[in-house]
Structure formats: C-alpha cells, structure tokens
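Peer 1: One structure, pasted below without further comment.
The values are calculated or read from the model by the stated rules, or taken from the named source; none is laboratory data. Because the structure is a prediction, the values reported are computed rather than measured. In this analysis, Cβ positions are derived from the backbone assuming ideal geometry, glycine residues included, and neighbour counts consider all displayed protein chains.
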Amino acid sequence: MRFKSFISLVSCLAAVCGSSLAMAQSGENTYKQVCANCHATGVLNAPKFGDKAKWKSLIAEGQVELTGHAYFGVRGMPPKGGSPNLSVEGFANALVYMVNNSGGNWSPPDAKTLAAINNEVEARKAGLKK
Ligand code: HEC
C-alpha cells in the first residue's frame, strides 16, 4: 500500500501531475481533502467510508438522486460537503470513490449523468423537491 502510493507519487511528479492522472485521482483526492473529515470516522453520524451496511440503502437510491441530494445538502450533511468551490463533477467523483469503497460499483458520471445530477440539484434549490 505504502509502496503503491510512493510509485503513484513518483509517476505523478514525473508527469508533472499530468492531467489524465490528476483526473483519475481527483475523486480520491477530493474525498481525502474534503469528505474524509467527517466520513472517515462518522462525524455527526455521517455514513462511514467502507461501512457497506450503512451505504447499501444510500447506493440503492441511485447515482443521480444520491449525488444531487448530497450536493445540495441534507440534514447534517453540509452543501457541497462544506467546500463552497467544489463543483458538481468534483463532488460526484468523490462520491464515486466513497461508494466504490463501500460496496458499490459506480462509474464517474458522464455528461448525461452530470446533467441529470445538475437538474436534481436545481430542483432542490427551487424547492420543487424536499
Ligand atoms: C462536515 C462534515 C461532512 C463533510 C465534510 C462531508 N459530509 Fe457527507 N454527510 C455528513 C453527515 C453528518 C451525513 C449524514 C446526514 C444525515 O443523514 O443526517 C452525510 C451524508 C452524506 C451522504 C448521504 C446523503 C443522504 O441522502 O442521506 C452522502 C452521499 C455524502 N454525505 C457525501 C459526501 C461527500 C461526497 C463529501 C465530500 C465531497 C461529504 N459528504 C463531506 C457530513 C459530512
């Protein structure tokens, strides 16, 4: 594990953190920088990273719905994970990383899925959905 991250650090530096690598890692990085603050230990009862039992019903809501709701904010979960500059895409990729380490198997959202997530967020903003 440590060796692997050393290797990726080296290849990252070698490529001056080339965009494709940075893209591939951005979900994980965002998770570590933002989401892990609460989701690593379950602060305020946040569903814990890797807790498959807790994530099961959330994952079952589907990617568009769960991502949209969480980005908008729900109960103890702050909008954008409390990181005002986080884009929908950045947030979605971080969630894919968390889900895929908690029993799910999601892909990073394509343009169509992102558009649907945006609609979900907008609907919440407009108060069309609670
Ligand atoms: C300040 C703490 C905090 C941070 C940072 C945070 N979360 Fe959360 N999150 C929570 C809490 C607390 C809940 C549980 C909300 C509840 O059910 O009351 C939650 C719930 C969720 C849920 C489930 C939402 C639902 O519909 O029940 C998702 C998905 C989620 N977070 C994703 C993320 C992602 C992705 C990030 C990082 C980009 C993130 N969170 C950052 C505290 C946080």
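Peer 1: Which condition from (1) more than 10 Å from the chain's Cα centre (by Cα); (2) touching a residue at least 40 places away in the same chain (Cβ under 8 Å) is the one that PRO79 breaks?
Peer 2: It is condition (2) that PRO79 fails.
Peer 1: Evaluate the following for THR113: is it of a type in the set (Ser, Thr, Tyr), farther than 17 Å from LYS48 by Cα and modelled with pLDDT of 95 or more?
Peer 2: Criteria met by THR113.
Peer 1: Mind listing just one residue for me: the one in the range 101-129 that is assigned to a helix (DSSP H, G or I) and within 12 Å of the ligand (Cβ to nearest atom) and, of those, surrounded by the most Cβ atoms within 10 Å (Cβ to Cβ)?
Peer 2: Out of the qualifying residues, it is ILE117.
So that you can scan it fast, the table gives a plain yes or no per residue for (1) more than 9 Å from the ligand (Cβ to nearest atom); (2) over 26 Å from LEU128 (Cα atoms); (3) basic (Lys, Arg):
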{"residue": "ALA40", "(1), (2), (3)": "yes, yes, no"}
{"residue": "LYS48", "(1), (2), (3)": "yes, yes, yes"}
{"residue": "LYS52", "(1), (2), (3)": "yes, yes, yes"}
{"residue": "ARG75", "(1), (2), (3)": "no, no, yes"}
{"residue": "ALA92", "(1), (2), (3)": "no, no, no"}
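Peer 1: Write out, first by first residue and then by second, each pair whose Cβ atoms fall under 6 Å of each other, whose residues are 6+ apart or on separate chains, and whose first residue, in the range 64-75, is under 17 Å from SER107 (Cβ atoms) and in contact (Cβ under 8 Å) with a residue 40 or more places away in the chain while the second is among the charged types (D, E, K, R) and more than 9 Å from the ligand (Cβ to nearest atom).
Peer 2: That search, which allows pairs on different chains as well, returns VAL64/GLU120; GLY68/GLU120.
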